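What follows draws every value from the coordinates through simple rules; no lab data is involved. What you see is a predicted model; the values in this text were computed from it and never measured. With ideal geometry, Cβ positions are generated from the backbone for all residues, glycine too; neighbour counts draw on all protein chains shown.
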Amino acid sequence: MGMRDVSLRGVLAALIVVGAMGAGSAATPATAAGAGACRTPLERWTEIGLYFGRDVAGVGEVSERQFRNFLAAEVTPRFPDGLSVLDAAGQFRDGRRIVRERTKLVILLVPKPAEVARKVAAIVEAYKTRFRQQSVLHTETAVCLSFD
């Protein structure tokens, strides 16, 4: 995405503060997952979110076909067991102006995020290089899940 690192840090800091303010004594699935405990039959995994902005400076936009080709070449070979892709409407501040761009969100669910960290980093770098992006937003959240 074209988001500046400073802006991203500010947004993440705000989210952390809001999250801390809203934390109560009762364990929610997210807080339970963060502590390592999930109720049966759920298991603790990590949800990785990769937000791929589609605007390409001076060129236009990453097309649906280009993104599908990127998925086929870079993401699916690294995560053949499955993933989800969602269309999103991204927005961020670039200096004084608000920038809006179509975005693709790739969601990966993994049992051990440390074991896939290099794969995720390679995907991010490939997208930045191929589509001349300044950054890709990468999130990781503890989740409790079950394949029922």
**Request:** Any chance you could run the full-extension gain for residue 39 through residue 96? It's 0.36 nm times the residue separation minus the Cα-Cα distance, nm to one decimal.
**Result:** 15.9 nm
**Complete:** Pseudo-spin-label distance residue 64 to residue 147, built 7 Å along Cα→Cβ, given in nm, is 2.9
